[in-house]
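The values are calculated or read from the model by the stated rules, or taken from the named source; none is laboratory data. The model shown is predicted, which means the values in this text are computed figures rather than measured ones. Note that each Cβ is placed from the backbone with ideal geometry, even for glycine, and that neighbours are counted across all protein chains shown. SASA here: full protein model, heavy atoms, side chains in, ligands and nucleic acids out. Shrake-Rupley method; radii C 1.70, N 1.55, O 1.52, S 1.80 Å.
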2 protein chains.
Amino acid sequence: MSDIPLLPNHQSGPKKLTPEQENQQLKKIIRELGLKVTQQRMDILRIVKAGDRHFTAQDIFEAVSETNTSIGFATVYRFLKALSAKAFVTEVRMGGMPARYEWSSQEHHDHLTCTVCGKVVEFENDEIEKLQEEVAKSLGFVLTDHILELFGVCSSSHCQKVYKSAPES
Amino acid sequence: MSDIPLLPNHQSGPKKLTPEQENQQLKKIIRELGLKVTQQRMDILRIVKAGDRHFTAQDIFEAVSETNTSIGFATVYRFLKALSAKAFVTEVRMGGMPARYEWSSQEHHDHLTCTVCGKVVEFENDEIEKLQEEVAKSLGFVLTDHILELFGVCSSSHCQKVYKSAPES
DNA sequence: ATGAACTTGAGAATCATTATCAAAATAATT
DNA sequence: AATTATTTTGATAATGATTCTCAAGTTCAT
């Protein structure tokens, strides 16, 4: 069950790995968490790593379910929690919506969300990061994490129109 | 029921108002929302305005319940939603915790939270604000709102100790 | 292979929030 | 002040995401 490519090959990755090499990588991560290697954890991890954007627990549940593995929500949540406890994934919860997760090895970035169409654009800004450090230090804190979410209206004519026609609600 | 000071007088406010003047102010706000003036809404509004920090819906429910007014959760949530729809209060939801609300007339500020003891420190930083505007503009967005939450460990010896003894979880 | 320890998943439980709807309150009109 | 159309309330049920429970299944060191 390891010679069938269950997921498309993302050629954008920095390194090309054989399926076996990838599996070793995944196992290593699981063991770093002090957990046993199971099929479910392998599958979750594969999907989280392969994706290049944001997932909900639901997304991951469905993606794993499409493979041969049966899985429960509890398992997804449990493992995602373990991953984010060790900062392998970033968990962002906002606005009463389901939590979004993403693999955190890639460059850190923040989000700019269009409040009309829901489009999410990522950005990074070193100056902002630096200022955050300074603020925390000036208040006697050691900064360990941050969430910066910008909200606005994107440039699409549809969203601009909606925005201008309902400026105060 | 208007001559008993139900809440401590916050002398830091920009203007001193008689109870009657305050009531007129509150009524005006409720009418601006296109809603009828009710005792419950007056009470909620009074508490939200009087407080200078963050409230949960639960806090507000309890505070109103301490007055003579009986109130239900639904009413609290409904009215807070109406207030935040017109930007009279700011609603912040994060990390699966209950939403926090605050009156938004005051200076804008962001939050720095100690992940050990839960202490919240407010700050404002014009430079960061300016950079946010620039980022949004450069991506073609009109910025309408943002959430910046910093997380760290505060300077108390207890929190520092906890932090250093468990550096990787 | 064996067994101790860890995992799983189905479903129950929880928690914040929202919806429902009959009864009560408001405000505009006599 | 009484009437009435409309809005609001609050008790309770419903929802939706997440977490808990625990018997049954799996992993892995021996």
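Computed values, structure above
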item: Overall Cα dimensions of segment B:47-96, principal axis frame, Å, largest first; result: 30, 23, 20
item: Nm distances between copies for A:S156, ranked from closest, using label points 7 Å along Cα→Cβ; result: 4.7
item: Rounded to 5, percent antiparallel among DSSP beta bridges of the protein assembly as shown; result: 80
item: Across the identical copies, how the B:P19 labels are spaced - nm, sorted shortest first, 7 Å along Cα→Cβ; result: 7.7
item: Under 14 Å, Cβ to Cβ, from A:K28 - net charge with Lys/Arg +1 and Asp/Glu -1; result: +4
item: Inter-copy spacing of A:H108 label points, which lie 7 Å from Cα along Cα→Cβ, given in nm from shortest upward; result: 2.2
item: Cα centroid of segment A:100-169 to Cα centroid of segment B:38-56, whole Å; result: 29
item: Chain B - share of DSSP beta bridges that are antiparallel (%, nearest 5); result: 70
item: Charge sum, other residues only, whose C-beta stays under 13 Å from A:E149's C-beta, Lys/Arg counted +1 and Asp/Glu -1; result: -2
item: DSSP beta bridges in segment B:107-169 [antiparallel fraction, %, rounded to 5]; result: 50
item: Chain B - percent relative contact order, Cα under 8 Å, separation 6 or more; result: 14
item: Segment B:86-169 pair-distance distribution - Cα-Cα, 10 Å bins, rounded %; result: 14, 36, 33, 15, 2
item: Debye intensity ratio in log₁₀ form over the Cα atoms of segment B:124-167, taken at each q of 0.34 Å⁻¹; result: -1.17
item: Cα Rg, Dmax (largest Cα-Cα span) when computed across chain B, Å; result: 18.9, 56
item: Relative counts (whole %) of C-alpha pair distances in the protein assembly as shown, using bins that are 10 Å wide; result: 5, 19, 26, 25, 16, 6, 2, 0
item: Whole-percent carbon and sulfur share, accessible surface of chain B, 1.4 Å; result: 51
item: From phi via Karplus (6.51, -1.76, 1.60), per-residue ³J(HN,Hα) for segment A:63-80 in Hz, x at Gly/Pro; result: 5, 5, 4, 6, 7, 7, 8, 7, 8, x, 4, 4, 5, 4, 4, 4, 6, 4
item: Average beta carbon contacts from partner chains per residue of B:131-140, 10 Å cutoff; result: 6
item: Charge dipole magnitude, Cβ of K and R +1, D and E -1 - the protein assembly as shown, Cα centre, debye nearest 20; result: 920
